[in-house]
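Have a look at the structure below, then the notes.
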Amino acid sequence: MKRITKSIASTTAALLCLAGCAGANKAAQPAPAPLAQAATEVKDAVQLVNGVAITRAEIERATRVLLSQSGAPQQLPPDAMQKASQAALDQLTMAELLYQEAAKIEIKDLDQQVEKKIAESKALYPNPDAFEEALKGSGLTVAEMTRNARKSIMINTFIEKRFASKVEVTDAEAQKFYQENQEKYFTRPENARASHILVKVDDKLTAEQKQQAKEKAEALLKRVKGGEDFAAVAKTESGCPSATVGGDLGTFGRGQMVPPFEKAVFAMKPGEISSVVESQFGFHIIKLVEKHEAGKVSYEEAKTKIFEYLKAERVRKEVTSFVDELKSKAKITRV
């Protein structure tokens, strides 16, 4: 089932993510900039799309995004890296053409949508300094991130209005897909979903410091066993990045977590809170949210994902065809 979920994400996420990678050097505009202006003002331009520059920095950033999404290492042999960069440029060109079309339609409450998206991004970090540090690491300023968010929202809205809102999938089509792909998509290995609170330790700590960390974990265990909200305690006390989402680790199967953690999780019942579990990362307090035995996923369980997948595939094909048409009419030049 995870495979079909991944497929759904990959049909739409890459383009919208790359839409945010482009345009960092230019403010959002109601129409593309003139050719002469783009050529003279953007010094590291690699390609012009109807006069709007795609820069080397944007291509490098987009390449990192593509490699990350595909699970590939960030450092590849030269020929493979060249192919990845070309794929990124192709996606950026696609995004720019869609953005130019999106700029022609009115989008209500666009500023508010942008503000909401930025606020959601900031909320993923424990404090403003952590957000600024992450932004700095990505090579973006707040202003650039805001412009990128605007562009992404505009493209997303355009795709929804022009294509997605008109695509329909019938129950018969969904059932046919389910029957033809049961072995490929609709088998489920044993898996669990859990949250945890982590008191971190490392090799540099003394024996006394490790004991203090364990005692802190025991104290936190008493709090959650005593009725305090697990997610709230995780948000304020956990040393894991998952603290921002209340300690939620999502769904995982066997072999994906360190052995002590896995052993504890798969021995628990949903709703249970473990005793303190020690691993190389520190001391964990685990709450099992749900657990599923290996088996087939029923049609009713899979139905929503199937509809999403079939719709996303149709939208992707229509958008690709539309962009091909735009390319045939566009002026695209390498600099």
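Each reported figure results from applying straightforward, stated rules to the coordinates on display, with no laboratory input. Because the structure is a prediction, the values reported are computed rather than measured. We place every Cβ from the backbone using ideal geometry, glycine too, and count neighbours over all the protein chains shown.
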Under 10 Å, Cβ to Cβ, from residue 196 - net charge with Lys/Arg +1 and Asp/Glu -1 = 0
Simple Cβ-charge dipole of the stretch 106-190, Lys/Arg +1 and Asp/Glu -1, about Cα centre, in debye nearest 20 = 280 debye
Give me the distance between the Cα centres of the stretch 224-256 and the stretch 282-335, rounded to whole Å.
-> 27 Å
What is the helix-to-structure angle for 207-225, meaning the angle in degrees between its Cα long axis and the longest Cα principal axis of the chain, kept from 0 to 90 and rounded to the nearest 10?
-> 90 degrees
For residue 91, what charge total do you get from the other residues with a beta carbon under 15 Å from its beta carbon, if Lys and Arg give +1 and Asp and Glu give -1?
-> +1
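Just the number: Rg to Rh for the stretch 112-186, Cα atoms, Kirkwood Rh, two decimals.
1.23
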Where is the GNM fluctuation largest for the chain (alpha-carbon springs, 10 angstrom cutoff): 98, 205, 221?
-> 205
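Show that you can apply the helix-only estimate: for the chain, add -39,500 (n - 2.57) for every DSSP H stretch of four or more residues, divide by all residues, and state [θ] at 222 nm to the nearest 500.
On the way: 13 runs with 192 residues, N = 335.
My calculation for the chain gives -18500 deg cm²/dmol from helical runs alone.
Looking at the stretch 93-139, which trypsin sites (Lys or Arg not before Pro) are in a loop (DSSP not H, G, I, E or B) and have at most 15 other Cβ atoms within 10 Å? Walk me through the numbers before you get to the answer.
Details: sites: 104, 108, 116, 117, 122, 136; in loops: 104, 108.
Taking the stretch 93-139 and a limit of 15 other Cβ atoms within 10 Å, the loop trypsin sites (Lys or Arg not before Pro) found are 104, 108.
Which value, in debye to the nearest 20, describes the size of the charge dipole of the stretch 209-335 about its Cα centre when Lys and Arg Cβ atoms bear +1, Asp and Glu Cβ atoms bear -1, and nothing else is charged? Please report the intermediate quantities before stating the final value.
Details: 23 positive and 18 negative charges, 106 e Å.
I would put it at about 500 debye.
Looking at the stretch 198-290, which GluC sites (Glu not before Pro) are DSSP coil and have at most 16 other C-beta atoms within 10 Å of their C-beta? Can you show the working numbers first?
Working: sites: 208, 215, 218, 228, 237, 262, 272, 278, 290; in loops: 228, 272.
Hits after loop and neighbour filter: 228, 272.
To the nearest 20 debye, what charge dipole does the chain have about its Cα centre, counting +1 at the Cβ of each Lys and Arg and -1 at the Cβ of each Asp and Glu?
Details: 50 positive and 45 negative charges, 79 e Å.
The calculation lands at about 380 debye.
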Rounded to the nearest Å, the spacing of the alpha-carbon centers of the stretch 174-220 and the stretch 141-157 is 33 Å
Rg ratio (alpha-carbon, reference 2.2 N^0.38 Å) - the stretch 190-293 = 1.01
Relative contact order (percent) for the chain, with alpha-carbon contacts under 8 angstrom and 6 or more residues of separation?
-> 24 percent
Once the dipole of the chain is set up with Lys and Arg at +1 and Asp and Glu at -1 on Cβ about the Cα centre, which of 271, 302, 231 lies farthest towards its positive end?
-> 302
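Of the listed pairs 116/291; 117/263; 117/166; 151/327, which have alpha-carbon separations greater than 27 Å here? Write out the running numbers ahead of the final one.
Details: 116/291 34 Å; 117/263 38 Å; 117/166 25 Å; 151/327 19 Å.
As for pairs spanning more than 27 Å Cα to Cα, those are 116/291; 117/263.
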Volume per residue that the Cα convex hull of the chain spans, once the total is divided by residue count, Å³ | 185 Å³
